[in-house]
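**Q** Dropping a structure here in structure tokens format, bear with me for questions.
The values are calculated or read from the model by the stated rules, or taken from the named source; none is laboratory data. In this text, all values refer to a predicted model and were calculated from it rather than measured experimentally. Please note: Cβ atoms are built from the backbone with ideal geometry, for glycine as well, and neighbour counts cover all protein chains shown. Ligands, DNA and RNA are stripped out before the accessible areas are found, and what is left, the full protein with its side chains, is counted by its heavy atoms. Shrake-Rupley method; radii C 1.70, N 1.55, O 1.52, S 1.80 Å.
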Amino acid sequence: MGTLLVFLIVFIPMGWVFWRLLRFTRNTIGTNSPLKVQRIYQTTFRSFFVRLESVFVLICLFMGFVILKASLFATFSGPDPMIGRTILIIFGFALLCMGMFTFVIDLNHWPYARGVVITTLPDEHELDIQLPDTTLRIKEGDIRKITMYHNEGKLQHGFAQFQLNNGNSFLLPFKTEGIWVINEYFKGIPMENHIQHVPLIRTTFKSEATYE
């Protein structure tokens, strides 16, 4: 039973990841490229929260809770049992913090990605971007600069601010479906990178993220 459980925990997520990679590759190159055919990328609750990172978050939260519980109620042997208890408490707390880190960022970013639909228009070489409260038609030369705010971890979290030539701008979290298509359609846009250990979208960005 234990072997079967380990197999399910390890290989089912891996199989799901490989399947998504194959589907992504099939729909992004050659004649299936969004530069050739119309593609519609819609960000839903499932696409935003049910990802590989979600498995990592759940494992961290579960293991952190189990380790903290064990550190409080387990009996330690040895000359100084408090050392072992303290190590477990620190390790369990670190796992909980890692899980909560991703969870808090996702909750902060979700309002900016909820319901966003990016539609490719290959004949016109334009993008139709439906934001939570408006719709933009973006063509070559409309985007003046892209500013990226992200952490430096292997699990990268962040968001991008797209500044338009008409003075307006809008924000999209990295987990927005199809965000990569913008760079694919309009190459050579100047980019800036800002490192933030906790890349939260602050309320001050609301005044900057305006559009007509």
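**Q** Give me the strands (runs of 3 or more DSSP E) completely within the stretch 147-208, filtered to those with at least 1 residues that are open to solvent by 10 Å² or more (accessible area, probe 1.4 Å) and among the polar types (S, T, N, Q), ordered by residue number.
**A** Values: elements: 158-164, 169-173, 191-195.
The strands (runs of 3 or more DSSP E) meeting that bar are 158-164, 191-195.
**Q** In addition: Which of the residues belonging to the stretch 174-194 are farther than 23 Å from residue 53 by Cβ and of a type in the set (Asp, Glu)? Before you say what the answer is, go through the steps one by one.
**A** Pass one, the stretch 174-194, residues farther than 23 Å from residue 53 by Cβ: 185-192.
Passing the criteria: only 192.
**Q** Take the conditions in contact with a Ser or Thr (Cβ under 7 Å, 6 or more places away or on another chain), open to solvent by 50 Å² or more (accessible area, probe 1.4 Å) and either outside any loop (DSSP other than H, G, I, E, B) or modelled with pLDDT under 65 (or both) and apply them to residue 89. Does it pass? Talk me through it step by step, then tell me what you get.
**A** Details: in contact with a Ser or Thr (Cβ under 7 Å, 6 or more places away or on another chain): yes; open to solvent by 50 Å² or more (accessible area, probe 1.4 Å): yes; either outside any loop (DSSP other than H, G, I, E, B) or modelled with pLDDT under 65 (or both): yes.
So residue 89 fits the description; yes.
**Q** List the number of the failed condition for residue 173; all other conditions in (1) of a type outside the set (Asp, Glu); (2) modelled with pLDDT under 95; (3) closer than 19 Å to residue 101 by Cα hold.
**A** Among (1) of a type outside the set (Asp, Glu); (2) modelled with pLDDT under 95; (3) closer than 19 Å to residue 101 by Cα, residue 173 violates only (2).
**Q** Over 26 Å from residue 197 (Cβ atoms), open to solvent by less than 70 Å² (accessible area, probe 1.4 Å) and polar (S, T, N, Q): does that describe residue 134? Explain how you work it out, then say what you get.
**A** On the way: over 26 Å from residue 197 (Cβ atoms): yes; open to solvent by less than 70 Å² (accessible area, probe 1.4 Å): yes; polar (S, T, N, Q): yes.
Yes: the conditions hold for residue 134.
**Q** So, residue 50, is that one closer than 21 Å to residue 184 by Cα, modelled with pLDDT of 70 or more and β-branched (Val, Ile, Thr) or not? Step through it out loud before you land on a result.
**A** Values: closer than 21 Å to residue 184 by Cα: no; modelled with pLDDT of 70 or more: yes; β-branched (Val, Ile, Thr): yes.
For residue 50, the condition - closer than 21 Å to residue 184 by Cα, modelled with pLDDT of 70 or more and β-branched (Val, Ile, Thr) - is not met.
Yes/no matrix, rows are residues, columns are (1) farther than 20 Å from residue 201 by Cβ; (2) surrounded by 14 or more Cβ atoms within 10 Å (Cβ to Cβ); (3) modelled with pLDDT of 70 or more:
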residue	(1), (2), (3)
17	yes, no, no
62	yes, no, yes
105	no, yes, yes
110	no, yes, yes
124	yes, no, yes
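**Q** For the stretch 32-55, enumerate the residues that are of a type in the set (A, V, I, L, M) and in a loop (DSSP other than H, G, I, E, B).
**A** Here is the first cut: in the stretch 32-55, the ones of a type in the set (A, V, I, L, M) are 35, 37, 40, 50, 52, 55.
Correct list: 35, 37, 50.
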